[in-house]
1. Taking the condition of a type outside the set (A, V, I, L, M, F, W, C), surrounded by 24 or more Cβ atoms within 10 Å (Cβ to Cβ), closer than 22 Å to residue 41 by Cα and within 16 Å of the ligand (Cβ to nearest atom), does residue 68 pass?
2. Residues that are more than 15 Å from the ligand (Cβ to nearest atom), open to solvent by 10 Å² or more (accessible area, probe 1.4 Å), touching a residue at least 24 places away in the same chain (Cβ under 8 Å) and within 17 Å of residue 119 (Cα to Cα): does the range 42-50 have at least one?
3. How many residues does the range 90-114 contain that are assigned to a helix (DSSP H, G or I), among the hydrophobic types (A, V, I, L, M, F, W, C) and touching a helix residue (DSSP H, G or I) at 6+ places or on another chain (Cβ under 8 Å)?
4. Of the numbered conditions (1) crowded, with 17+ Cβ neighbours inside 10 Å; (2) more than 22 Å from residue 20 (Cα to Cα); (3) out of contact with any Cys (no Cβ under 8 Å at 6 or more places or on another chain), residue 95 satisfies every one except a single condition; which is it?
5. In the range 51-65, how many are touching a strand residue (DSSP E or B) at 6+ places or on another chain (Cβ under 8 Å) and either over 20 Å from residue 95 (Cβ atoms) or open to solvent by less than 60 Å² (accessible area, probe 1.4 Å) (or both)?
6. From the residues in the range 1-41 that are part of a loop (DSSP other than H, G, I, E, B) and open to solvent by less than 20 Å² (accessible area, probe 1.4 Å), which one is farthest from the ligand (Cβ to nearest atom)?
7. Looking only at residues in the range 71-89 that are open to solvent by less than 40 Å² (accessible area, probe 1.4 Å) and not in a loop (DSSP other than H, G, I, E, B), which one is nearest to the ligand (Cβ to nearest atom)?
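The values are calculated or read from the model by the stated rules, or taken from the named source; none is laboratory data. Owing to the predicted nature of the structure, the values given are computational and were not obtained by experimental measurement. Cβ placement follows ideal geometry from the backbone for every residue including glycine, while neighbour counts extend to all protein chains displayed. All accessible areas refer to the heavy atoms of the entire protein, side chains included, with ligands and DNA or RNA removed. Shrake-Rupley method; radii C 1.70, N 1.55, O 1.52, S 1.80 Å.
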Amino acid sequence: MKIGIGNDHAAVEMKQDIAEYLEQKGYEVVNYGTDMHESCNYPEYGKIVGEAVAAGEVDLGILICGTGVGISLAANKVRGVRAVVCSEPYSAKLSRQHNDTNVLAFGARVVGIEMAKMIVDEWLDAEFMGGRHQTRVDMIMAIEEEK
Ligand code: RB5
């Protein structure tokens with residue numbers, strides 16, 4: 001499985017640690033940056049990774065900024081993206097099982113690296129349950145068509 005990863009200046013080290021962790025687990029990781037500590041704009045990275053997921057360049061996306069909020073908001077503006085920001089593993093797992101999220105975000109200033117790994121593990125190990133959840137996800141996606 002191919003995972004696209006992106007971040008802003010607040011999360012360079014955490015991105016590197018998570019990318020390494022994923023590679024050790026056998027995932028292919030595509031790094032969309034940034035690898036610079038200079039202040040940058042998180043919407044750019046949310047958009048790049050969101051577009052990569054929507055285009056099928058990667059299977060899933062992981063985004064990290066200070067809180068995970070701004071970068072997930074940007075990704076959610078890309079048609080086809082369902083991004084969730086999580087600070088604990090339960091919501092991460094349920095967001096896959098019920099909401100079929102295809103982008104996970106978290107905050108390098110909110111969670112420590114071990115919590116981040118646990119969130120990532122629960123999210124990647126969970127599977128979408130379909131059924132009544134598919135109906136609801138379809139309803140969410142239909143909102144995009146109203147624009
Ligand atoms: C950058 O200072 C910070 O605003 C950003 O990393 C993120 O937390 C935004 O949601």
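1. yes
2. Checked the range 42-50: no residue is more than 15 Å from the ligand (Cβ to nearest atom), open to solvent by 10 Å² or more (accessible area, probe 1.4 Å), touching a residue at least 24 places away in the same chain (Cβ under 8 Å) and within 17 Å of residue 119 (Cα to Cα).
3. Residues in the range 90-114 being assigned to a helix (DSSP H, G or I), among the hydrophobic types (A, V, I, L, M, F, W, C) and touching a helix residue (DSSP H, G or I) at 6+ places or on another chain (Cβ under 8 Å): 2 in total.
4. Among (1) crowded, with 17+ Cβ neighbours inside 10 Å; (2) more than 22 Å from residue 20 (Cα to Cα); (3) out of contact with any Cys (no Cβ under 8 Å at 6 or more places or on another chain), the lone unmet condition for residue 95 is (3).
5. The number of residues fulfilling the criteria is 10.
6. 33
7. Ranking the qualifying residues of the range 71-89, first place goes to 71.
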